[in-house]
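Worksheet: one structure, shown below.
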Amino acid sequence: MNTPSHTSNHIWQFTKNDEGAITIFGMFLFAAIVLVGGLAIDMHNLMNARTQLQVSADMTAHAALYRRDFESDPDKAKAQALALVEATMPSAEYGKVIQASDITFGKYDRDTETFTPNANSKAAVHVYSTRLNSKSNPVSTFVLRILGFVNYDMTVQSVFTTFRPTCFLEGFVSEGRIDIQSNNGFKNGFCLHSNDYVSLNSNNTFETGTIVSMPDTDDLDLPRSGWKTNDGLDAALREGAYRLRTVNKLPAYIQGLRDRVPEYLPDNIHTLDPVEYLTLKNSDKLTMADLTPNRVHVVGCGKNGVLTINEATAISDVVIVTDCTIKFGQALRIENSIIATTHTDPKSMNSSSSLTLGKNDGCAEGGGSVLLTLGGIQFTSKINIYGSRMIAAGNIEFSANADGIEGASLVAGGEISGTSNMNMGFCGTGMPNLFEAEYFRLAY
């Protein structure tokens with residue numbers, strides 16, 4: 001019988017030996033883990049880069065549109081926005097992810113979701129943020145380069161638009177408390193908003209569609225029977241807060257009136273006509289006989305630093321700017337006009353009774369008036385507001401029988417206080433759109 005040789009026996013044993021086989025499998029498994037881990041690193045890196053680009057685009061769009069609200073030159077607004085990009089994504093590290101040519105001002109149609117470039121527009125802005133091979137700042141890969149993707153081009157975009165919150169169109173808006181007493185009626189669309197809290201007494205009526213808002217509705221101040229005696233209040237409550245940009249811009253608004261800046265003046269004021277400067281004697285009261293229609297007037301103070309405005313018919317189609325406390329005469333009517341003071345007294349604008357702002361014209365276009373002050377406003381009974389606006393850095397206070405059924409907008413850097421028996425409604429038309437500060441939101 002033949003027996004295997006010593007050499008062939010060793011060969012046979014070697015071919016049947018499975019010791020160390022797991023090491024080979026482990027090498028393949030390790031390679032697979034490294035590949036998957038590398039791909040994960042690449043995907044994380046790409047997602048992180050895209051997030052950075054999107055944040056830079058959104059931030060730049062917001063900053064550019066915000067600065068465009070202040071700058072007449074769009075290039076200045078772009079430059080200020082690009083300074084933020086350089087601070088957050090330095091070009092030395094990321095290259096020029098956003099350049100001036102990537103920022104375009106224009107208009108955005110929310111219905112069709114289309115952006116139309118317009119260099120003179122302050123309504124919207126479109127921004128591209130990119131990392132590209134052509135700009136020598138692509139996103140580099142780790143494992144994907146094995147498959148030929150050494151660098152990756154990445155482009156994102158952002159559109160910001162302006163909007164005006166409903167509460168700033170018509171309603172009461174204050175930084176401090178809104179204090180409303182009893183027997184008041186608020187019509188569909190009207191808004192009460194406080195950045196502090198709202199205080200209500202009894203027997204107020206809130207129609208469907210009204211808004212009562214504050215940062216925390218738990219801060220709402222009511223008497224014990226308040227929920228039962230304020231009809232519609234529960235449905236009207238909202239939570240939220242607004243930065244009062246309109247109040248913050250008051251000094252710029254008033255200076256703009258002095259300088260006849262067109263965007264601050266209504267169409268009935270001739271911006272090319274010279275400013276008229278008036279100085280009254282101590283006993284004089286300002287009337288339409290002292291004023292020229294369709295002009296801007298800068299008026300000095302009368303007795304005791306007070307400017308008294310008293311007209312038997314109406315103050316109409318003028319702009320009056322002063323540094324004085326202003327006292328409005330009884331039953332005075334102010335139509336198609338703007339009256340502003342830089343005086344900071346809590347009663348920088350005051351009246352005895354029956355002041356009427358705007359024309360009682362059923363919400364027709366035109367006729368409305370605007371009061372601006374760096375101080376406060378205090379009116380006694382029977383103030384009528386028709387398509388008109390009051391903006392005060394301090395408090396706005398008025399007593400009984402106010403009527404704003406045809407459009408009223410009150411904005412206060414302090415508190416708004418009203419007593420009883422007033423009716424306030426949302427007009428929707430006829431309100432002057434001057435001095436409505438823009439707010440900004442992401443479109444896409």
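Here are some notes:
- Qualifying residue in the range 416-436 (condition: in a loop (DSSP other than H, G, I, E, B), at pLDDT 95 or above and closer than 19 Å to Asp196 by Cα): no
- Filtering Asp234, Asp153, Asp219 for residues that are surrounded by fewer than 15 Cβ atoms within 10 Å (Cβ to Cβ), farther than 30 Å from Pro432 by Cα and either among the aromatic types (Phe, Trp, Tyr) or in the same structural domain as Pro74 (by TED's automatic domain parsing) (or both) leaves a single hit, Asp153.
- The range 337-363 residues that are acidic (Asp, Glu), paired with ones that are not in a strand (DSSP E or B) (beta carbon under 9 Å, 6 or more apart): Asp345/Gly375; Asp345/Gly376; Asp345/Gly394; Asp361/Gly367; Asp361/Gly430
- On the stretch given as the range 376-394, residues that are out of contact with any strand residue (DSSP E or B) (no Cβ under 6 Å at 6 or more places or on another chain) and either surrounded by fewer than 22 Cβ atoms within 10 Å (Cβ to Cβ) or aliphatic (A, V, I, L, M) (or both) total 4.
- Taking the criterion of being hydrophobic (A, V, I, L, M, F, W, C), touching an Asp or Glu at 6+ places or on another chain (Cβ under 9 Å) and outside any loop (DSSP other than H, G, I, E, B), the only residue of the range 355-371 that qualifies is Leu357.
- Whichever residue in the range 388-415 is among the charged types (D, E, K, R) and farther than 14 Å from Leu357 by Cβ and, among such residues, is modelled with the highest pLDDT: Glu415
- Among (1) modelled with pLDDT of 95 or more; (2) under 30 Å from Phe115 (Cβ atoms), the one test that Tyr242 misses: (1)
- Here Thr380 meets each of (1) modelled with pLDDT of 85 or more; (2) in the same structural domain as Glu311 (by TED's automatic domain parsing); (3) touching a Ser or Thr at 6+ places or on another chain (Cβ under 8 Å) with one exception, condition (1).
- For the range 135-181, residues that are at pLDDT 90 or above and of a type in the set (Ser, Thr, Tyr) total 6.
- Checking Pro223 against (1) over 21 Å from the mean Cα position of the chain (by Cα); (2) under 24 Å from Ile391 (Cα atoms), the condition it does not meet: (2)
The values are calculated or read from the model by the stated rules, or taken from the named source; none is laboratory data. Predicted model, so just to flag it, every value in this text is computed and none were measured. Counting neighbours? That spans all protein chains shown, and the Cβs are built from the backbone with ideal geometry, glycine included.
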